[in-house]
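Derivation of every value follows stated rules applied to the coordinates shown; laboratory data play no part. Keep in mind the model is a prediction, meaning the values are calculated, not measured. Here Cβ is always computed from backbone atoms with ideal geometry, including for glycine, and neighbour counts include all displayed protein chains.
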Amino acid sequence: MNEKSGTIIGVSGNLLTVEFTKAVVQNEVAYAVTGSRRLKSEVIRIRGTYADLQVFEDTTGLREGDRVEFTGELLAVELGPGLLTQIFDGLQNPLPQLAEQCGFFLQRGVYLDALPRDRSWAFTPTAVAGDRVTAGETLGTVPEGIFQHRIMVPFKLKGALTVERIVGPGDYTVGEPIATLRDADDEPVQVTLMQRWPVKIPIRAYAERLRPSEPLVTKVRIVDTFYPVARGGTYCIPGPFGAGKTVLQQITSRYADVDIVIIAACGERAGEVVETLREFPQLTDPRTGKSLMERTLIICNTSSMPVAAREASVYTAVTIAEYYRQMGLNVLLLADSTSRWAQALREMSGRLEEIPGEEAFPAYLESVIAAFYERGGIVRLKDGSLGSVTIGGTVSPAGGNFEEPVTQSTLKVVGAFHGLSRERSDQRRFPAIDPLDSWSQYPGVVSADQVSFAREMLHAGNDVKQMMKVVGEEGTSIDDFVVFLKSEYLDAVYLQQDAYHDVDGASSAERQRYVFDRIHRMLRCKMSFDDKDGARRFFQRLTQTTRDWNRLEQQSTEFRQIEQQIEQMLAEVSDYA
Amino acid sequence: MHKVYHGIERIAGNVITVQATGVGYRELAQVSSRQGTSLAQVIRLEGGRVDLQVFAGGRGIATDAEIRFLGHTMQVPFSQSLLGRVFNGSGQARDKGPRISENLIDIGGPSVNPAKRIIPRHMVRTGIPMIDVFNTLVESQKLPIFSVAGEPYNPLLARIALQAEVDVIILGGMGLKHDDYLYFRDLLEENGALSRSVLFIHTASDPVVECLLVPDIALAVAERFALQNQRVLVLLTDMTNFADAMKEVAITMEQIPSNRGYPGDLYSQLAARYEKAVDFDTAGSITILAVTTMPGDDVTHPVPDNTGYITEGQFYLRNGRIEPFGSLSRLKQLVNDKTREDHRTIMNTMIQLYASYMETLEKQSMGFRMSPWDSKLLKYGQRFENELMDLKVNIPLEQALDLCWQILADSFDPAETGIASKLTHRFWPNH
């Protein structure tokens, strides 16, 4: 046997110390052999003739002296048609197939092919023999659900290659060669529908990277209007537990205006993944009329699954996102939660006895987080079309305190910050994005002037509220009091949104522009009241009516009626009526 | 067959170190010393040295003690005869019943494949309005009760257990006061529920390592019952003691602590236990209710904080009441649309108004003049506290919803509640 191997000399949790004789590669994949099982692991440190390996599985039963086989390859994923609609674990094992094979529980050491080997795809070539191609250029397409899945020149190939032979249209499985290329050294390269790519290295087979400038509509009003996300941008949602991070991400995964959504459930509750994977097949995508699952892919490494695979799961997810971006598609990657991934790093760092940084997180935490978010972006591909990866990550700060290392490292690299607040969620003001602290560097769907006026109103209203806590309602002037009521009104009818209501739960960009324009006029309107109670009663009525309005389809006649009703109410109190 | 070693190199706390070969990670060993015999588990292998955690503790162990490796990991017996029995943290009988040694199963087994889970869909009725109306408990939910020492969390746990319709109750006690253990046992017995219960009890005076085993044993047994199509309710009290036991061992092992001395893998360790809560596709379910006491009423303490991120909500028990703020059942949305049409609206409106009441209270305590609106809120808030929040209230959900409407109607005009007109037309009393 010419395989490289080593011997286990230490086991501590999921960390192995292995003695080796032939050369090993940092971050290469190795298998620890116990009985008939081979446990996947990764080399994470080398010292002298000892290598430290993190095992992606439970290490129970491993003994000193057990064999470890090195593969010489970095941790990689399979890329090709058949990825969409699947549910993978962090190492790209398809979970439903695992369940068929192993039953209720996950068994260690069982690794299945990510892409079905027996399924054939209808391939249509677009390149012809004699074409000069480079990595990432299209050789042909296969239909995958609602998409034309591009079969591309493998990303790892360097320089220009010549297409020597390409098959005609027909059905092929992912393993069958569909083309032969000749590289600069005149060596033949076989191409199949599938290729492999190491997860920790970004795919760079594009012409240029662009600046994200176009809003990505999520249909959440406070996001699209106030703190927008851009296609190819990055954003983070930090918040204490129970503030609604996951619900917000679930809503985004349903309504976001993108082609493909990849959900990386990283170290979170299994139940939440189950909701997605059981409900999505039943829901229709408003954009295509097909099942939502057809544009969705789930990478699921929940909190009780092995820790080391948690780290791998976010990289697996982003690599697949980049792959679909290469086809000119807009991909949204939702990672929930990046803190769990950071904790996985912390656990390994502790086992390696590295010198700890803040809160025992490793010193390289910040650069690792930055490198991950930098994999988001909008690019111009070699054929001129655009593709994007938008990354939204939740952060679960310890104690809900944003001053901790993971939140702070994330804030440095993202383009928008949706901070969730315990106070707002306690008051059942959902989504609990704090309208005063959050920020975004991207352009939104409504006019920037209107938004900045509304934001000033929110700040002014908050100032009055704080002041009233000191001087009381009686010590507040009626003008200030109306400012306070207006800001509360804006909060109640626009910032808050009933996620479980069919109409109110998803507000299109066009509707946001229309409604916000009306609300903006109301905020600007000078109003006069006899006393504070009168003002309060007016705003209570106005709030209730506007909320009814929010629940109506924009095309319905009732929508117009209520709109007129609101105009009338306003006319009764406005100064110049 | 079994390898036997003498000669312990190091004893530190509950961890002993011995030179041995061919030992598997997490394998079990029997340590025999003058003090008696105890089980121990391998927790680290390093260059021919084996670190073992002794269940009965390190006290009284001699350096020439005999260590016999058993070749398997920790196991517990499983059969129907467990029902009605009481065991300690290492699975030995604590009552006077016979020893059970049939059908041994491994503890701390692998996690459930998410693809074999289903969306929970059954409400667990408790008769407590603060739970049924505002934070509905759902079968297969994992939910901690956050509270400070001295709150009636154990009686609350017991009451939910007795009123919930489940097939099997499994109680895991960690660092439990002996009185509390007897309280649970007697209460279950008086209500005829002991015959469908299994108790794994580690009391405060037992060796600390045994505390670490309780959740794993309790959940391994629960899992077996659930696979036999039973609906299992697991009660764990108190998970903070479990976390503290883990801290103790981690410090002895010289691990780098992350936050207030707790090990860096606290989240993963807690999650591995809580995630055993499951609704199996084509089999039974496990619901977990766990007490987490918060040192100093501090919810940002690492144990409640990590727990909150793992579990599907939490009940805050404060001043003998389940707090409406902070308490949360994440799964309630899965069931409360099937109860009654007004359930969700009532749930949100009542809490929003209660939040306004709290603000008014604050204003009142600072001596500000009360507006007519404030007076309405005060009236509302007091009725809410007395008629709904009191833990003594025991009424079914529908009755509780009617009561909510009544309180609203007695306190406000329909428009003031912000409830959609469609619902007020239907449900507003005297309308």
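Counting every alpha-carbon pair across the stretch B:215-311, the share separated by more than 19 Å comes to 45%. When the alpha carbon gyration tensor of the stretch A:448-573 is reduced to an equivalent ellipsoid, its three semi-axes come out at 26, 16, 13 angstrom, largest first. Cross-link partners for A:LYS158 among the lysines, with Cα-Cα distance under 23 Å and sequence neighbours closer than 8 places in the same chain left out: A:LYS200, A:LYS382. Taking all Cα pairs closer than 8 Å and separated by 6 or more residues, the relative contact order of chain A comes to 13 percent. Over the stretch A:336-473, the reciprocal of the mean inverse Cα-Cα separation, the Kirkwood hydrodynamic radius, stands at 18.1 Å. Exposure proxy ranking for B:PHE384, B:PHE87, based on other Cβ atoms within 10 angstrom of each Cβ and starting from the fewest, stands as B:PHE384, B:PHE87.
Considering only Cα atoms, the convex hull volume of the protein assembly as shown works out to 174 Å³ per residue.
Note: chain A, Cα convex hull, 166 Å³ per residue. With semi-axes defined as the square roots of five times the eigenvalues of the C-alpha gyration tensor, the equivalent ellipsoid of chain B measures 47, 23, 18 Å, largest first.
Overall, the anisotropy analysis places the stretch B:72-157 in the oblate class: the square-rooted eigenvalues a ≥ b ≥ c of its C-alpha gyration tensor yield a/c not less than 1.5, with a/b not exceeding b/c.
Expressed as a fraction of 2.2 N^0.38 Å, the C-alpha radius of gyration for the stretch B:301-431 is 1.15. Both radii come from the Cα set of the stretch A:208-429: Rg as radius of gyration, Rh as Kirkwood radius; their ratio Rg/Rh reads 0.96. Spacing of the modelled spin labels on A:THR21 and A:LYS526, each 7 Å from Cα toward Cβ, amounts to 9.3 nm.
Ignoring lysines fewer than eight residues from A:LYS290 along the same chain, the ones with Cα atoms less than 21 angstrom from its Cα are A:LYS219. Across chain A, the longest piece that holds none of the GluC sites (Glu not before Pro) lying in DSSP loops with up to 14 other C-beta atoms within 10 Å covers A:4-352. Over 20 Å between C-alpha atoms is what I'm after, so list which of A:LYS245/A:LYS465; B:LYS142/B:LYS276; A:LYS245/B:LYS116; A:LYS245/B:LYS142; A:LYS486/A:LYS526 land there. Over 20 Å Cα-Cα: A:LYS245/A:LYS465; A:LYS245/B:LYS116.
Between B:HIS2 and A:SER120, take the C-beta separation as r, use R0 = 41 Å, and let me know the FRET efficiency to the nearest 0.05. It comes to 0.15.
Based on DSSP H segments of at least four residues, each scored -39500 (n - 2.57), chain B has a per-residue ellipticity at 222 nm of -10500 deg cm²/dmol.
Couplings 3J(HN,Hα) for the stretch A:386-396, derived from phi with the Karplus relation 6.51 cos²θ - 1.76 cosθ + 1.60 (θ = phi - 60°), are 9, x, 9, 10, 9, 10, x, x, 8, 10, 10 Hz, where x marks Gly and Pro.
The lysines whose alpha-carbon is closer than 17 Å to the alpha-carbon of B:LYS376, local same-chain residues fewer than 8 away aside, are A:LYS532, B:LYS363.
Loop-resident GluC sites (Glu not before Pro) (DSSP state other than H, G, I, E or B) in the stretch B:101-207 with no more than 12 further Cβ atoms inside 10 Å of their Cβ: B:GLU102, B:GLU165.
Since only B:SER147, B:PHE242, A:THR302 are under comparison, the one whose Cα sits farthest along the positive direction of the charge dipole of the protein assembly as shown, derived from C-beta charges on Lys, Arg, Asp and Glu, is A:THR302. Taking every full run of DSSP H in chain B, the ones that stretch at least 27 Å from end to end by Cα along their long axis and average -1.0 or higher on the Kyte-Doolittle scale are B:208-227, B:343-365.
Note down the Stokes-Einstein diffusion coefficient of the stretch B:4-73 in µm²/s, whole number, using a Kirkwood radius over alpha carbon pairs, 37 °C, and 0.692 mPa s. Rounded to a whole number, D works out at 287 µm²/s.
Among B:MET294, B:MET239, B:MET174, determine the one that fluctuates most according to a GNM of chain B built with springs between C-alpha atoms less than 10 Å apart. Comparing B:MET294, B:MET239, B:MET174 in the GNM, the peak value goes to B:MET294. A Förster radius of 51 Å combined with the Cβ-Cβ distance from A:ALA207 to A:GLN107 puts the calculated FRET efficiency at roughly 0.70.
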